[in-house]
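Novice: My questions all concern the structure below.
The values are calculated or read from the model by the stated rules, or taken from the named source; none is laboratory data. This is a predicted model, so every value here is computed, not measured. Cβ coordinates were reconstructed from backbone atoms using ideal geometry, including for glycine residues, and neighbour counts include every protein chain displayed.
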Amino acid sequence: MVIRAILTDIEGTTSSIRFVKEVLFPYAAQEIPDFLRQRQAQPEVAALIGATATEANLPTADLEGVIEQLLAWIACDRKSTALKAIQGLVWAAGYQDGSYRGHVYADAQQRLQAWHQQGLELYVYSSGSVQAQKLLFGYSDYGDLTPCFQGYFDTTVGPKQARESYEKIAQAIARPAQEILFLSDATAELEGAIAAGYQVCWLVRPEDCNASPDAIRQAPYPTARSFAEINLP
């Protein structure tokens, strides 16, 4: 089946896990307390504080408790939709003032732009919020890459391991699942996409992948150490 759309993960796939763990997470942990204290009355921020409080079973008025919970979730990389949205708001300031640039692997940048020029539809699906995704690609090491993408998805469509999430994405982009290639470094995500009928490729970047050589050799689906090794059917 010909590939007409490519859905890609970010962390460990287009971008380094180290960038997320050593740059973005510490910046968010540093900035979130004052950010929330100063902006707690803004409707968007207030709604996210409320969502965090509900998820953590805290009183909405307990702002310091909410802040403490968010910092604990950052430390354990909890996939909380409210946390990801708050991080996205905080990261925007860091991108805009030049504190850092969004890391994208050179091979990913080259292939993404080439696929875009060839007319393939490109989409992103990450546990980070849609806003965070747009910031990373919009302020990337290679400039603004957002024109390459037709759309972005985060965990508001569902968990990245769930078949139903990929079915929703296929419906949203109006493509048969068989025409979509999903790229990720996480095998549980690949299994969810396969269950939905997608074609997949496992990114096993040496700097990001902890899988053993035997596990990679025995993988039941294609693998690639970089975007340069991805062969489209």
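Novice: Tell me which residues, restricted to the range 96-122, are more than 18 Å from the chain's Cα centre (by Cα), in contact (Cβ under 8 Å) with a residue 12 or more places away in the chain and in a loop (DSSP other than H, G, I, E, B).
Specialist: Within the range 96-122, Ser99, Leu120 meet the criteria.
Novice: If the requirement is being in contact with a Leu (Cβ under 9 Å, 6 or more places away or on another chain) and within 22 Å of Leu203 (Cα to Cα), which of these qualifies: Thr8, Thr52?
Specialist: On the way: Thr52 fails: within 22 Å of Leu203 (Cα to Cα).
Of the residues listed, the single one that is in contact with a Leu (Cβ under 9 Å, 6 or more places away or on another chain) and within 22 Å of Leu203 (Cα to Cα) is Thr8.
Novice: To continue, here is another question. Give me a count of the residues in the range 167-205 that are within 25 Å of Ile17 (Cβ to Cβ), surrounded by fewer than 24 Cβ atoms within 10 Å (Cβ to Cβ) and among the charged types (D, E, K, R).
Specialist: Summing the residues that are within 25 Å of Ile17 (Cβ to Cβ), surrounded by fewer than 24 Cβ atoms within 10 Å (Cβ to Cβ) and among the charged types (D, E, K, R) in the range 167-205 gives 3.
Novice: Here is a further query. Of all residues in the range 74-123, which are of a type in the set (Phe, Trp, Tyr) and touching a Gly at 6+ places or on another chain (Cβ under 8 Å)? Give the derivation first.
Specialist: Taking the range 74-123 first, the residues of a type in the set (Phe, Trp, Tyr) are 91, 95, 100, 105, 115, 123.
Across the range 74-123, the qualifying residues are Tyr95, Tyr100, Tyr123.
Novice: So, in the range 217-233, exactly how many residues are touching a Lys or Arg at 6+ places or on another chain (Cβ under 9 Å) and either assigned to a loop (DSSP other than H, G, I, E, B) or surrounded by fewer than 14 Cβ atoms within 10 Å (Cβ to Cβ) (or both)?
Specialist: 4
Novice: Also, quick follow-up: Looking at (1) part of a loop (DSSP other than H, G, I, E, B); (2) among the polar types (S, T, N, Q); (3) modelled with pLDDT under 95, which one does Thr156 not meet, given that it meets all the others?
Specialist: Failed condition: (1).
Novice: Report whether or not Glu164 is acidic (Asp, Glu) and either part of a loop (DSSP other than H, G, I, E, B) or surrounded by fewer than 17 Cβ atoms within 10 Å (Cβ to Cβ) (or both). Please lay out each step first, then the result.
Specialist: Values: acidic (Asp, Glu): yes; either part of a loop (DSSP other than H, G, I, E, B) or surrounded by fewer than 17 Cβ atoms within 10 Å (Cβ to Cβ) (or both): yes.
When the stated conditions are applied, Glu164 passes them.
Novice: With the checklist (1) under 30 Å from Glu167 (Cα atoms); (2) crowded, with 21+ Cβ neighbours inside 10 Å; (3) β-branched (Val, Ile, Thr) in hand, flag the one item Val66 doesn't pass.
Specialist: If we test Val66 against (1) under 30 Å from Glu167 (Cα atoms); (2) crowded, with 21+ Cβ neighbours inside 10 Å; (3) β-branched (Val, Ile, Thr), just (1) comes out false.
Novice: Given the criterion surrounded by fewer than 15 Cβ atoms within 10 Å (Cβ to Cβ), in a loop (DSSP other than H, G, I, E, B) and not basic (Lys, Arg), identify the matching residue among Ala46, Ala61, Ala93. If you could, list the steps in order and put the result at the bottom.
Specialist: Numbers: Ala46 fails: in a loop (DSSP other than H, G, I, E, B); Ala93 fails: in a loop (DSSP other than H, G, I, E, B).
Within the list Ala46, Ala61, Ala93, the selection yields Ala61.
Novice: Out of (1) under 29 Å from Phe227 (Cα atoms); (2) at pLDDT below 95, the odd one out for Asp62 is which?
Specialist: Going through the list (1) under 29 Å from Phe227 (Cα atoms); (2) at pLDDT below 95, Asp62 breaks only (1).
Novice: Checking the condition within 19 Å of Gln131 (Cβ to Cβ), at pLDDT 95 or above and assigned by TED's automatic domain parsing to the domain that holds Thr156, which residue from Ile10, Ile49 passes?
Specialist: On the way: Ile49 fails: assigned by TED's automatic domain parsing to the domain that holds Thr156.
Just a single option satisfies the conditions, and that option is Ile10.
Novice: Of the conditions (1) of a type outside the set (Phe, Trp, Tyr); (2) crowded, with 17+ Cβ neighbours inside 10 Å; (3) under 16 Å from the mean Cα position of the chain (by Cα), Thr146 satisfies every one except a single condition; which number is it?
Specialist: The failed condition is (2).
Novice: Can you confirm whether Tyr166 is assigned by TED's automatic domain parsing to the domain that holds Val200 and touching a Phe, Trp or Tyr at 6+ places or on another chain (Cβ under 8 Å)? Full working, then the answer.
Specialist: Details: assigned by TED's automatic domain parsing to the domain that holds Val200: yes; touching a Phe, Trp or Tyr at 6+ places or on another chain (Cβ under 8 Å): yes.
When the stated conditions are applied, Tyr166 passes them.
Novice: Further question on the same structure: How many of the residues making up the range 123-168 are free of Cβ contacts under 8 Å to residues at least 60 places away in the same chain and of a type in the set (Val, Ile, Thr)?
Specialist: Residues in the range 123-168 being free of Cβ contacts under 8 Å to residues at least 60 places away in the same chain and of a type in the set (Val, Ile, Thr): 3 in total.
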